[in-house]
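Here the structure comes first, spelled out in structure tokens, and everything after it is commentary.
The values are calculated or read from the model by the stated rules, or taken from the named source; none is laboratory data. Quantities reported herein were computed from a predicted structural model and do not represent experimental measurements. A quick note on method: Cβ atoms are made from the backbone with ideal geometry, for glycine too, and the neighbour counts reach across all protein chains shown.
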């Protein structure tokens, strides 16, 4: 009987995609990559009417991203570039998603070195938003089998975004091993 009362998960987006809030027609920039599948699904969200770009720091990661994107058939610009000087004009994007769940981009959430976050702010249009996907509190079996490393405190991410000039910075949620922190570019 319980089986019939359950809601179907067919057609639902993974949590990271839904919580990012990326919509069709938007101009999306992704910084880094945690899970190639999540990165490729996010890249496909803007569709043909939008634009999707991904910046990574090395060619090995770019190859992973290109492989994952080829499976979704999304049109995406993948660039290997220094994060402190992004190769885009000011105001080029509506949304910037910073992938920091695996901790590789830890310096982005370090309030002492927010040059990369300042670049994210520069390439956003006025009223645009940044969403940081951090490692959150693990749940279920993941909590049992995952290593005991602690995620970066949410206060650190919030402070880094505020230091970079973002306003209305807030934690959107912490669920299924993801923490979502959002900030707005207000001018």
Considering residues of region 26-53 that are under 14 Å from the mean Cα position of the chain (by Cα) and farther than 19 Å from residue 79 by Cβ only, the residue modelled with the highest pLDDT: 41
Top-ranked residue of region 133-153 - restricted to ones that are at pLDDT below 65 and assigned to a loop (DSSP other than H, G, I, E, B), ranked as surrounded by the most Cβ atoms within 10 Å (Cβ to Cβ): 146
Filter result for residue 130 (under 21 Å from residue 28 (Cα atoms), surrounded by 23 or more Cβ atoms within 10 Å (Cβ to Cβ) and at pLDDT 95 or above): yes
Boolean, residue 90 is loosely packed, with under 14 Cβ neighbours inside 10 Å, touching a strand residue (DSSP E or B) at 6+ places or on another chain (Cβ under 9 Å) and either within 19 Å of residue 160 (Cβ to Cβ) or modelled with pLDDT under 85 (or both): no
Test: residue in region 109-117 that is crowded, with 16+ Cβ neighbours inside 10 Å, within 20 Å of residue 32 (Cβ to Cβ) and modelled with pLDDT of 90 or more: yes
Index of the failed condition, residue 66 passing every other in (1) at pLDDT below 85; (2) surrounded by 13 or more Cβ atoms within 10 Å (Cβ to Cβ): (1)
Residue selected from region 178-187 under the condition under 24 Å from residue 38 (Cα atoms) and crowded, with 19+ Cβ neighbours inside 10 Å, by the criterion modelled with the lowest pLDDT: 178
Boolean, residue 23 is under 17 Å from residue 132 (Cα atoms), out of contact with any strand residue (DSSP E or B) (no Cβ under 7 Å at 6 or more places or on another chain), part of a loop (DSSP other than H, G, I, E, B) and at pLDDT 80 or above: yes
Of the criteria (1) buried (at least 18 other Cβ atoms within 10 Å of the Cβ); (2) without any contact (Cβ under 8 Å) to a residue 24 or more places away in the chain, which one residue 31 fails: (2)
Per-region count, region 163-177, residues under 14 Å from residue 139 (Cα atoms) and either surrounded by fewer than 16 Cβ atoms within 10 Å (Cβ to Cβ) or in contact with a helix residue (DSSP H, G or I) (Cβ under 6 Å, 6 or more places away or on another chain) (or both): 4
